[in-house]
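Encoded as structure tokens, the structure appears first; notes follow it.
The values are calculated or read from the model by the stated rules, or taken from the named source; none is laboratory data. Keep in mind that what you see is a predicted model, and the values were worked out from it rather than measured. Positions of Cβ are backbone-derived with ideal geometry, glycine not excepted, and every protein chain shown enters the neighbour counts. SASA here: full protein model, heavy atoms, side chains in, ligands and nucleic acids out. Shrake-Rupley method; radii C 1.70, N 1.55, O 1.52, S 1.80 Å.
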Amino acid sequence: MPPETSDIKWPGDSAKKEREFENLAESGGGPPVRPEIRRKGLPRGIGFGIAALIIIFAGSLVFAYFSSRRFSDSVSLNLEDIRSGVEDLRNLDPESAEEKFVLARDSMNFEDIFSKLSLLFGSSKEAVSDFNTVISSGIAISKEVSFFRDNLPGLVFGRRGDELIGHLRSTRDILSGMSSVGSGAASVAAKMGYSPFSATGLYLPVSSDMLRIGRFLDFLIALLDSDSERHFLVMFGNTSEMRPGGGFLGSYADIVIKKGNIADIEVHDINDADKLLEKKMVPPKPLQAIVKNWRAADANWFFDFPDSAGKVLSFMEESNLYKEKGITFDGAVSVSPRVIGDILAVTGPVGLSGGKIKIDKDNFLIEIQKIVQESKEQRATYPKSVLGELSSTTLPALASLDPGKSKEVTGLMGKWLLNKDLIFFFKDEAAENFIRDYGVSGDTYDLPQGWNGDYLALVDANIGGDKTDLYMKQGVLLESQINDDGTVNDHLVITREHNGDKAKYWWYKSTNQDYLQVFVPETSQLVTTSGGIEKKITPPLNYAKEGYAVDPLVSGMEDSEEVIFNYPAVTERPDSERTVFATWSKTKPGGKSQIVFDYDHRIPAVPADGVEYKFVFEKQPGSKRDYKFQISAPIGYRFRENGLPVYEYESNDPPGRLILDLTLEKI
């Protein structure tokens, strides 16, 4: 299976300026990939900050030695230790990183070197001090990373709030110290004429990165260290019933934080909040097939997660469950079943109902659903009490993990973030912008002006199909042909197979009813389509007469939506820099369905030797499909990255955001 690419990006990086890929045709084949994103490692804004400040000093030094022909192999080896240490730090190997930083500090006599170049540096003592501060910061950050890696679950869930806040403050202070010597480093570089690392070329972006990281840490410390209770919403998305922002929001947890500790966790059925919601709001049209009033349970309606999370929080705070108490939420986090399964794989199985029921990574979704459904049929007082029991059993196990298993959980966090199994949202604008820059906010990709490439996102909404998505097997084939006149022909085939007929329980055996949205480039024109069905939805009541409010985001989407004349089963609407085709499908248990879209769009750059082409795919959180993408170069061209006229990518588990950077090469 080819390697995957992703666009979890770091502060200072831009989605509009992707890195060049290695020419894998020369290095062993496979698709061009961005360097592997290891979210389990140190945030690159910190790692890059350390590296950049070191390079500014060391690069100036090397430049001077080159100029005077006094550069030696020992200097080169020490600089390699520094570079390797930064890479170790990024990859969450702090012990190795610390060892290399110490080696570089102790084996290279910078004081002697700087004193010999004092005419250029001015005060050699100040330069030596600044350089040692940067190296010491690398060592200190290594220690902090090691601590967080080995203790994070216990810090969060083990009532070690003071310790957590203390180490966050320590990390912030280390970064502050690095930032204070950065201007001196840039000054040294300028005196050396080392233009690649000039103040405008490198220092300012690095300084900005560290400033933003510091501000985020200030926000986080203030949030955790508050004397008053702070509330955070955990959204449990049930991917057996897909919605655009992930799974159906049937349950949630209200986490109360005070002085760095989790003071309380209340797990709720979403109906606890919805039944006390007096606000009347018109649901999105597709949802009017099953509900009369829009509510928190169905507010996970937008593919852009910040929109979904913001709408869920607004409904929750309007509910008298929280409104009467004056409770507001600082943010939300979406947790997919995959996260729960991975945690159970680390902690081991847990026993519920007095040990009568064993829940493990393989059966928890089906078993929990079974308990809830049976409790409803038996008219239990609170059918979803099992979720509270699961939480109260699992979290203490997380808090008491040994360092080895703590490392494993911390490492899994990178995987969850990369795949949109764990998505954060903050009401604080600066904090939200920070995580957006890191690519972990679940926002949609910002397509730049004059963007030369293709885009695809497939978004399902199970409306009236019970929990059948757990048994749906889906395949996606995209065949994309770039033509020599700058047009692109896309042939998209989506197959759906319903295996619920083999399921044990009735809620998996219903007909799957799916509202499908296909996000494509803005200039796309539908050529032909088949397989979608037309579904007429009559509003269940006269919303205007009944005084229901209209959500501006929903009305903006629906007011711009039009039925395509030649294909009445398909609607079309603009969405930021995209066009959205939408249709319905029904798949019976044991049956199959297929939807086909053929559409064209134009790229601004006419194909030529060296022209870059970008393909972006964004995955719906919680979705499972087998993907195959085939991109064909114009006649007479091939792709530099694989040396072939056709570039293929195939995966059943791509990252949340896949980016393929390709370059046309004339044959």
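Table for the structure above
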read-out: Residue, farthest from the chain's Cα centre (by Cα), within region 637-667, restricted to residues that are among the aliphatic types (A, V, I, L, M) and open to solvent by 10 Å² or more (accessible area, probe 1.4 Å); value: ILE667
read-out: Selection from region 413-459 of residues that are under 23 Å from SER240 (Cβ atoms) and in contact with a Leu (Cβ under 6 Å, 6 or more places away or on another chain); value: TRP416
read-out: When residues of region 467-514 are limited to those that are hydroxyl-bearing (Ser, Thr, Tyr) and open to solvent by 20 Å² or more (accessible area, probe 1.4 Å), the one farthest from ALA457 (Cα to Cα); value: TYR505
read-out: Residue within region 395-408 that is charged (D, E, K, R), over 21 Å from LEU164 (Cα atoms) and surrounded by fewer than 20 Cβ atoms within 10 Å (Cβ to Cβ) present; value: no
read-out: Every residue from region 628-667 that is of a type in the set (Lys, Arg), in contact with a Phe, Trp or Tyr (Cβ under 7 Å, 6 or more places away or on another chain) and in contact (Cβ under 8 Å) with a residue 60 or more places away in the chain; value: ARG657
read-out: Region 335-370 - residue that is of a type in the set (S, T, N, Q) and touching a residue at least 60 places away in the same chain (Cβ under 8 Å) and, of those, farthest from ASP653 (Cα to Cα); value: GLN369
read-out: Qualifying residue in region 491-498 (condition: assigned to a strand (DSSP E or B) and either of a type in the set (Phe, Trp, Tyr) or without any contact (Cβ under 8 Å) to a residue 12 or more places away in the chain (or both)); value: no
read-out: Among the residues listed as PRO568, PRO604, PRO539, PRO574, the single one being open to solvent by 50 Å² or more (accessible area, probe 1.4 Å), touching a residue at least 40 places away in the same chain (Cβ under 8 Å) and part of a strand (DSSP E or B); value: PRO574
read-out: Wholly enclosed strands (runs of 3 or more DSSP E) of region 218-302 bearing at least 2 residues open to solvent by less than 20 Å² (accessible area, probe 1.4 Å); value: 230-243, 246-258
read-out: Residue under evaluation ASP330, criteria (1) touching a residue at least 40 places away in the same chain (Cβ under 8 Å); (2) of a type in the set (Asp, Glu); (3) assigned to a helix (DSSP H, G or I), criterion not met; value: (3)
read-out: Positions within region 515-536 being surrounded by fewer than 18 Cβ atoms within 10 Å (Cβ to Cβ) and either among the hydrophobic types (A, V, I, L, M, F, W, C) or within 29 Å of LYS467 (Cβ to Cβ) (or both), in sequence order; value: VAL527, SER530, GLY531, ILE533, GLU534, LYS535, LYS536
read-out: Condition broken by PRO634, with the remaining ones in (1) open to solvent by less than 10 Å² (accessible area, probe 1.4 Å); (2) under 30 Å from LEU412 (Cα atoms); (3) in contact with an Asp or Glu (Cβ under 8 Å, 6 or more places away or on another chain) satisfied; value: (2)
read-out: All strands (runs of 3 or more DSSP E) inside region 618-667 with 2 or more residues being among the acidic types (Asp, Glu) and modelled with pLDDT of 95 or more; value: 646-651, 657-666
